[in-house]
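Asker: This is the structure I have questions about; it appears just below.
Bear in mind that the values in this text are calculations on the coordinates, not laboratory data. Predicted model only: the values in this text are computed from it and were never measured. Cβ sites come from the backbone with ideal geometry, for glycine too, and all protein chains shown count toward neighbours.
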Amino acid sequence: MNINNLVRENILKLKPYTSARESHLNGILLDANENSLGSVVELNGLELNRYPDPNQNKIREKLSQLLSLPKENLFFGVGSDEIIDLLIKIFCNPSEDEVIICEPTYGMYKVCCDINNVRVCNVLLDLQYDIDLLKIKNAINNKTKIIFLCSPNNPTGNLLSKEKIIELTKLNVIVVVDEAYIDFANDEGLIKHAVELSNLVVTRTFSKAWGLAGVRAGFSVASSEITNLLFKVKLPYNINKLTSDVILNALNNFEKRNLFVNKIIEERKRIENELNNIPFVLKILPSDSNFISFKVEKPKEVFSYLESKGIIIRDRSNQYNFSGYLRVSIGTTYENDRFINELKNFKG
Ligand code: PMP
């Protein structure tokens, strides 16, 4: 599919900014008005006085090896949140185009649309919180540019059907699959498909399994056409040297990520069992993520009770199609025990 018919005309025509470090990273660098004398901070020999590599070469190369995917298909953002925003900027004309999101889902798709003044069309997930193909197909019109999907979905926790996602990529729209939680699912996700299909974008993050939420780094896998567009519209130096250094370190520590993932999955199973034994917990959604959503009769009261005990979970009961649900992240064994014990003490 030629995706150019979905790209905003001003973005197609855009002559991007060419930054100094685009052409030269070495030499007597007198081209970027940096401070050649050095930096007031010395950290890991990183030459913080120089702008970082705008092409993100080192981290893309390393990730490319790890995922066995071409570097040309990889892009890093300041969290996957930045990539969500950039995709809307690339494809959606403000106050003209539309985006489909499937509720209940991650809130930033709508917020980014609202910021960019792009209309959101809400299509509910089905009763199993999977994609409702028919409803989506009915909601699409010639102004629809992007469908945002989240798999495993936040806040329901489940993987979406791959077959249905692939079916949606046959339509003349960009399909974005947010795989922030894929490391906790027994599934390899859709990154390989995103290399093949020109209108499929998969986003992932270092904020969850890798334990690097404080660093702000995420990446996308997409066709080289879409990846080039992301490079075209991003701010020149979105990934700084400190982030880049941490990500390289992280990618060399894959085993530690795996240890975290295994422990979190083990604890997830334990909490699921514990929740099952609490009489006022009406429903527990099976989770492929690092959190569990569960339904209670009085979500606000349960939330406030836990909060008063210093245990902070997320009240998601106001989301579309999700009334009564609370969401708890899987913590350490101690934190999880505290959560379960206090929850058991709730007297509604
Ligand atoms: N996608 C989903 C589904 C999320 O739940 C979150 C954060 N909670 C993000 C993306 C944001 O990820 P990042 O930290 O990479 O911006």
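Asker: Among rounded, prolate and oblate, which fits region 87-246 when a ≥ b ≥ c are the square roots of the eigenvalues of its C-alpha gyration tensor, a/c under 1.5 means rounded, and a/b larger than b/c means prolate?
Answerer: Oblate, because a/c is 1.5 or more while a/b does not exceed b/c.
Asker: Along each of its three principal axes, how wide is the spread of alpha-carbon positions in region 255-344, in whole angstrom units, largest first?
Answerer: Extents along the principal axes, in whole Å: 40, 28, 21.
Asker: Can you give the charge dipole size of region 150-283 about its Cα centre, rounded to the nearest 20 debye, using +1 on the beta carbon of Lys and Arg and -1 on the beta carbon of Asp and Glu?
Answerer: 300
Asker: Oh, and also: Contact order normalised by length for region 255-344, with contacts defined as Cα pairs under 8 Å and 6 or more residues apart; what percent is it?
Answerer: It comes to 27 percent, rounded to a whole number.
Asker: At 222 nm, what value in deg cm²/dmol follows for the chain if DSSP H runs of at least 4 each add -39500 (n - 2.57) and the sum is divided by all its residues, to the nearest 500?
Answerer: It comes out at -10500 deg cm²/dmol, rounded to the nearest 500.
Asker: Can you list residues from other chains, or at least 5 along the same chain, whose modelled amide H is less than 5 Å from the amide H of Leu124?
Answerer: Excluding prolines and chain starts, which carry no amide H, the hits are Glu103.
Asker: Take every Cα-Cα pair in region 200-268 and report what % of them are more than 16 Å apart.
Answerer: 58
Asker: Would you please name the GluC sites (Glu not before Pro) within region 122-189 that are DSSP coil residues with at most 12 other C-beta atoms within 10 Å of their C-beta?
Answerer: Glu188
Asker: Moving on. Specify whether the C-alpha gyration tensor of region 13-72 places it in the rounded, prolate or oblate class, a ≥ b ≥ c being the square roots of the eigenvalues: rounded for a/c under 1.5, otherwise prolate if a/b is larger than b/c and oblate if not.
Answerer: oblate
Asker: Please state the charge dipole magnitude for region 107-196, taken about the Cα centre, from unit charges on C-beta atoms (+1 on K and R, -1 on D and E), reported in debye and rounded to the nearest 20.
Answerer: 540
Asker: Say the dipole of the chain comes from +1 at the beta carbon of Lys and Arg and -1 at that of Asp and Glu; which of Leu66, Ile88, Asn345 then lies farthest toward its positive end?
Answerer: The Cα lying farthest towards the positive end belongs to Asn345.
Asker: Taking N as the number of residues in the chain, what is its Cα Rg relative to 2.2 N^0.38 Å?
Answerer: 1.07
Asker: Take the alpha carbon atoms of region 149-175, find their center, do the same for region 88-106, and report the distance between the two centers in whole angstrom.
Answerer: Spelled out, the Cα-based centre of one part sits 15 Å from the other.
Asker: Loop only by DSSP, 11 or fewer other Cβ within 10 Å of the Cβ. Give me the GluC sites (Glu not before Pro) in region 239-288 that pass, ordered by residue number.
Answerer: none
Asker: Now, a different point. Using Cα-Cα distances under 8 Å and only pairs 6 or more residues apart, what relative contact order does the chain have, in percent?
Answerer: Relative contact order here is 17 percent.
Asker: Roughly how big is the chain's charge dipole about its Cα centre, with Cβ charges of +1 (Lys, Arg) and -1 (Asp, Glu), in debye to the nearest 20?
Answerer: So the dipole magnitude of the chain works out to roughly 300 debye.
Asker: Let me ask you something else. Taking each pair of different alpha-carbon atoms in region 178-315 once, compute 1/r for the pair, average those values, and report the inverse of that mean as the Kirkwood hydrodynamic radius in Å to one decimal.
Answerer: 17.8
Asker: Right, here's the next one. Hand me the chymotrypsin sites (Phe, Trp or Tyr not before Pro) from region 2-101 located in a DSSP loop with no more than 15 other Cβ atoms within 10 Å, in residue order please.
Answerer: Tyr17
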